[in-house]
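What follows is a short report on a single structure.
The values are calculated or read from the model by the stated rules, or taken from the named source; none is laboratory data. Only a predicted model underlies this, so the values are computations on that prediction, with no experimental measurement involved. Neighbour counts are summed over all protein chains in view; Cβ atoms, including those assigned to glycine, are modelled from backbone coordinates with ideal geometry.
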Amino acid sequence: MAERMFCKKAATSVIGIHNSIAAPYHDSEPRANEFGRADKRLLCHKAWMSNHLPRHDDFHPVTNWVFDLDNTLYPRHTDLFSQIDQKMTSYVAELLRLPRDEARRLQKAYYRDHGTTMNGLIKEHGIDANDFLEKVHDIDYSWVKPDPALGAAIRALPGRKFIFTNGDVGHAERTATALGILDHFDEIFDILAADLMPKPAAETYDRFLSLHRIDSRDAVMFEDLPRNLAVPKTLGMRTVLIVPNNIDTVMSEDWEQIGDDGDHIDYVTDDLAGFLEHYLENAAAASQMKSGN
Ligand SMILES: [Mg+2]
């Protein structure tokens with residue numbers, strides 16, 4: 001209750017807060033449909049982020065670092081996914097010979113009801129997954145800018161690093177290459193490895209964890225979609241929600257953010273590199289203190 005009161009107060013006073021990094025997240029502000037209220041909730045997130053930072057022992061003994069790709073490893077305002085989104089609309093329009101607005105409505109309905117547009121198209125129209133993946137990922141990756149700070153932070157993390165995406169390996173590799181961070185990852189787990197069953201299906205997390213022999217209690221997951229963090233939390237993983245770093249560019253399906261106020265989210269950050277850097281600095285300081293230096 002105290003947290004909720006804090007958030008309500010913070011929502012009206014936090015506009016000037018910058019460089020927020022991360023926070024344990026237990027905000028119980030109810031979800032609202034109006035865009036203005038969504039902004040207010042995001043401001044509340046930012047208030048928490050500026051006041052609580054992860055400590056070294058928060059992630060002890062995490063040795064498996066699991067990152068979603070789109071809108072997580074690059075900021076939402078990069079707008080890379082909007083290109084894929086438009087390609088999906090074109091695919092549906094061509095496949096079913098629909099006007100673009102009708103195709104788009106159907107695309108979003110499949111996404112909502114089947115986890116991905118592709119899954120809906122496979123189930124309802126029997127399309128070829130590889131053909132779909134190739135066509136919708138034929139996009140301009142120059143929109144993604146190198147992120148050396150993120151690369152350095154990921155490289156410095158102790159243990160294994162994974163990309164776990166509902167996209168395909170080719171898209172993940174091209175995106176991570178454009179960011180300059182591909183070499184820092186051990187494995188990419190994509191929608192084909194998931195046997196076309198997208199997150200948040202529980203069996204897909206099980207498949208990922210068992211394939212790579214990951215003990216979920218030693219793992220943390222970074223994601224921009226709250227609903228994709230529910231199963232990981234149940235399995236014992238730490239969870240970090242990535243939110244947009246520019247509140248003016250919050251453009252997402254309203255239902256996508258459902259659950260962003262749940263107990264399954266341990267932390268929320270709008271600055272992934274900053275979050276990791278803060279953790280690493282804390283871990284280094286704790287280890288120095290332990291060794292008595
Ligand atoms: Mg994502």
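Taken over segment 115-151, residues that are in contact (Cβ under 8 Å) with a residue 40 or more places away in the chain, within 22 Å of the chain's Cα centre (by Cα) and part of a helix (DSSP H, G or I) amount to 8.
Being closer than 27 Å to SER82 by Cβ, of a type in the set (A, V, I, L, M, F, W, C) and modelled with pLDDT of 95 or more is the filter; apply it to segment 216-230 and report the residue that is surrounded by the fewest Cβ atoms within 10 Å (Cβ to Cβ).
The extreme case among them is ALA230.
Any residue that is touching a Leu at 6+ places or on another chain (Cβ under 6 Å), within 14 Å of the ligand (Cβ to nearest atom) and outside any helix (DSSP H, G or I) - is there at least one of those in segment 187-196? No - not one qualifying residue is present in segment 187-196.
A single member of THR234, THR269 is modelled with pLDDT of 95 or more and among the hydroxyl-bearing types (Ser, Thr, Tyr), and it is THR234. For ARG213, the criteria (1) within 16 Å of the ligand (Cβ to nearest atom); (2) in a loop (DSSP other than H, G, I, E, B); (3) modelled with pLDDT of 90 or more hold in every case but one, which is (1). Any residue at all in segment 95-109 that's away from the ligand (no atom under 16 Å from the Cβ), under 29 Å from LEU211 (Cβ atoms) and without any contact (Cβ under 8 Å) to a residue 60 or more places away in the chain? There is no residue in segment 95-109 that is away from the ligand (no atom under 16 Å from the Cβ), under 29 Å from LEU211 (Cβ atoms) and without any contact (Cβ under 8 Å) to a residue 60 or more places away in the chain.
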